[in-house]
Structures are given as C-alpha cells and as structure tokens.
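Reading through the structure tokens given below for one structure.
No value in this document is a laboratory result; all are computed from the given coordinates. Predicted, not measured: the structure shown is a model, and the values here were computed from it. Cβ: placed from backbone, ideal geometry, glycine included. Neighbour counts: every protein chain shown.
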Number of protein chains: 2
Amino acid sequence: MSAPIDFYFDFSSPYGYLASERIEAIAARHGRSVDWHPMLLGVVFKHTGAAPLTMIPLKGDYSRRDMERSARFHGVSEFRMPSKFPIPSQAPARIVLWQKQRDLALAASLVHALYRAFFVDDIDISVPDNAVAAAAKCGINATAARAAIDDPTVKDALRQANDDAMARGVFGSPFIIVDGEPFWGLDRLDQVERWLITGGW
Amino acid sequence: MSAPIDFYFDFSSPYGYLASERIEAIAARHGRSVDWHPMLLGVVFKHTGAAPLTMIPLKGDYSRRDMERSARFHGVSEFRMPSKFPIPSQAPARIVLWQKQRDLALAASLVHALYRAFFVDDIDISVPDNAVAAAAKCGINATAARAAIDDPTVKDALRQANDDAMARGVFGSPFIIVDGEPFWGLDRLDQVERWLITGGW
C-alpha cells in the first residue's frame, strides 16, 4: 500500500466535516489509507489574518447556504449547522491525538463520531465532557479520555501538530496532502482523486 | 431561451479568467447565454476585509500553485501568472461596460480578448492604452474606447455595477448567479452545471 493521504482538519470546520465523510472512500479506491491530523484553525488564522467564514460580511450568508447545498451535492445526507458556531476545538483535537498513539483505527472512528456529534447531533464538543461522551460511544475509556484533555503532554502534542501543519503550508480546513501535493478545500476532492489516479498532470 | 447566467468577475482574478474560458460552453449546453458583469474586487474587499489571495501568508504560495494546476485540471491550455499582479482593473472594466451598451456579442469577445491579454500574453491591461489595443483587435474603435475609459458616465456605470453586485451578495470572482442561486468560485462550475440540469437539489 502506498503512503497514506494526510487529512488536516479543524473540528469546527463544516467543509472539513463534509470532506471527512468522503475522503476514506476516495483513498480506498486507490489503495490508500487516511492519516487524520486534527489542528486548530484559530492558531493559523492569527498568522494569515483570516476569520471564520460565517463571520465575514456577504461571505457569511453565502457560506451558510453553500455548506447546506454542498452537503447535498456531495451526498452527505446528514448535516446541519450547529446552533453554537464556531467553537474552540482543543478538547476533541486532544482526544484524537491521544488516541492516535494507541489505536489508529479507533482514532479514525473517533474523528467521525466527534464530527457527527457536532454537525449532525448539534452537540457542543468544545465542552470536554461532551467530547468524552462521544468518544465513549466508540468504546474509548471515558476516564482516560477525560484525563487526556488536560494532560500537558497531550497539550504539547496539539501545539506541535499546529506548528507541523503550518510548516507544511496548511492554512485551512480541510487541507489534504497527497505525496507532497497540497489541496485545500472540499472542492478539491475531484483534483485529489485525479492526482491519485494519475500521479499529477 | 431561459434567462442568461450572470457572471461577475474582476479582470485581475486568475480564477475569474479560468472560469471565463469555460462558462459559455456550460451555459450553451443548457440553452443559456452569459451576461458578463465586470466589477472591482478591491471595492468589495474594503467591505469584507479580504485581501488578494497571492498576498496572504501560506495561502499565497498555495494559490499560485493551485491556479496553475487548476488551469490544467479545467483544460484551459493557456495560462500564466502575469509578471505584474494584482492590477487595478478600472480601464478594462469600463471598456466592457461601455461596449455592453452597444453590442453584447462584441462585449463578450472583448472580455475574452482582455482576459487573455493579461493571463496569456502578460500585457498589463490596467494601462488604458494597452486595454484599448486589446479592444481594437476585436474590431472596436480605438479612439472611442479610449474616450470611454475617461467618460464620467462610464465611470459612474462602473460604480453602479459594483454597488449592484454587492447588493446581490457578490464578494468574489468569479461569482455566478443562476436563476437567483449564487455560486462562488471556479470550483463551483460542477454545481452550476448540475443546477442548470436539475433546477436545484
């Protein structure tokens, strides 16, 4: 099997959620797996001067409409904008990073469980206990997951993950890297797939 | 024939250029024409707080790479980033608005001629004489076109065009409206086409 596809995302990113529902099938069609990289877009936005899409004049109204329409376009049947948005995403990001060091398959299930808790069930996963409850449904030990959120080594791991992402040029969510080639956005999945087929064009 | 597709664009927009090379074929497949709306993104950016893509940290490097790759992905064989970029686009925008009041078919040819002068031949079309020279190649009277650039009524028409665009929610380039439904970006052409087929989903 070739190298995994790197999938960078923020748990507060609607387009990140939508792409997370499609990327594994795309990867699998071409013999690839997905390496999930949670990160904090807020840290990157301080560097690039960007703001959450929905808070920008004109763009905000459009983006809410486009997110709903794009969900249907991409065949993601369950999606709704959370009532609290955007949220800080340290808690879910830390649980995933902690879980990745234990069981990669379970970490992938965890990404989906957390994303769906937020974008399907409207659960505020920025609240540690809510994030832990979603993790527990995947079979993860709740006490250990709750401790991981406040663990200084896990906090450091998230800081390092943000630095590593920016060092690779990541500035948005989703951000996908295939064999060194960077693709930003849900709307680049068609180019991601062609890259996997052709190795470039 | 159904209502035309509204195509809003800035002459300094690479993704606007790439979409301009594809939109007429998409429209024609579904019995539509294209109404070309030149505008000034700089005016909109003052309202939304946006900046030219290529000038943003991280995003700038990515976007230059993505523009070249997207040109090839969308089958636009001729594209290169101009040596001077971005440029103010009052001169070409005014010639097009002036020409639209005289001959719509010729105005469409003019859009392509001006865009290609900038993104294929690396001609700085912000210089009035350069924009006029590109217009003259389409069979437009050079003296009249040159006068139009400084004509107060044409200047007013461009201000009005910017106001009208923002009133319709336009905040980027290309920005396409199909029967009231807004689509932002080259990467929404697939959704534009599906909308033309289905009338919504």
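B:Ala51 label points, 7 Å along Cα→Cβ, one per copy: pairwise distances from this copy to the rest in nm, shortest first?
1.5
From other protein chains only, count the Cβ atoms within 10 Å of every residue's Cβ in A:178-189, then give the mean.
3
So for each of A:122-132, A:150-160, B:46-56, B:6-16 I average, over its residues, the number of other beta carbons within 10 Å; can you give me the resulting order with the highest mean first?
Going from most to least packed, we get B:6-16, A:122-132, B:46-56, A:150-160.
Work out the length of the dipole vector of the protein assembly as shown about its Cα centre, built from +1 on the beta-carbon of each Lys and Arg and -1 on the beta-carbon of each Asp and Glu, and round it to the nearest 20 debye.
That gives the protein assembly as shown a dipole magnitude of about 20 debye.
Excluding residues on the same chain fewer than 8 positions from A:Lys100, give the aspartates and glutamates whose Cα lies under 17 Å from its Cα.
A:Asp6, A:Asp10, A:Glu24, A:Asp35, A:Asp150, A:Asp151, A:Asp156, A:Asp164
Express in whole angstrom the spacing between the alpha-carbon centres of the range B:14-93 and the range A:123-175.
Spelled out, the Cα-based centre of one part sits 37 Å from the other.
Assigning unit charges at the beta carbon (Lys, Arg +1; Asp, Glu -1) and nothing else, what dipole magnitude in debye, to the nearest 20, does the range B:5-198 show about its Cα centre?
200 debye
Compute the relative contact order of chain A as a whole-number percentage, counting only Cα pairs closer than 8 Å that sit 6 or more residues apart in sequence.
Values: 275 pairs, mean separation 59.4, N = 201.
So the answer I get is 30 percent.
If you average over every viewing direction, what projected area does the convex hull of the Cα atoms of the range A:5-198 give, in nm²?
Details: hull surface 41.9 nm².
Mean projected area of the Cα convex hull: 10.5 nm².
Using a label point 7 Å beyond Cα on the Cα-Cβ vector, give me the inter-copy distances for A:Asp151 in nanometres, one decimal, shortest first.
Shortest to longest, the spacings are 7.2 nm.
Nearest 0.05, what FRET efficiency do B:Arg72 and A:Arg72 give at R0 = 30 Å with Cβ-Cβ as r?
Using R0 = 30 Å, I get an efficiency of 0.55.
Report the residues of the range B:4-21 in range of a label on B:Ala167: point 7 Å along Cα→C-beta, backbone N strictly under 20 Å from it.
B:4-10
Shortest first and in nm to one decimal, what separations exist between A:Ser109 and its copies in the other chains, measuring from label points 7 Å along the Cα-to-beta-carbon line?
Output for A:Ser109: 6.5 nm, nearest copy listed first.
Which residue in A is nearest the A/B rotation axis when you measure from the C-beta atom, and what is the distance in Å?
Nearest to the symmetry axis by Cβ: A:Asp187, 2.
Quick one: the Cα spread of the protein assembly as shown along its three principal axes, in angstroms, biggest first?
Computed over the protein assembly as shown, the largest-to-smallest principal extents equal 78, 36, 35 Å.
Sum -39500 (n - 2.57) across every DSSP H segment of at least 4 residues in chain B, then divide by the residue count to get the 222 nm mean residue ellipticity, nearest 500. All intermediate terms of the calculation are to be shown ahead of the outcome.
On the way: 10 runs with 108 residues, N = 201.
Rounded to the nearest 500, the figure is -16000 deg cm²/dmol.
Testing the spin-label approximation: label points 7 Å from Cα along Cα→Cβ at A:Asp103 and A:Ala142. State their distance in nm.
1.7 nm
Run the reach check for B:Lys46 against lysines, Cα to Cα strictly under 21 Å, same-chain hits fewer than 8 apart removed. What comes back?
List returned: A:Lys46, A:Lys59, B:Lys59, B:Lys155.
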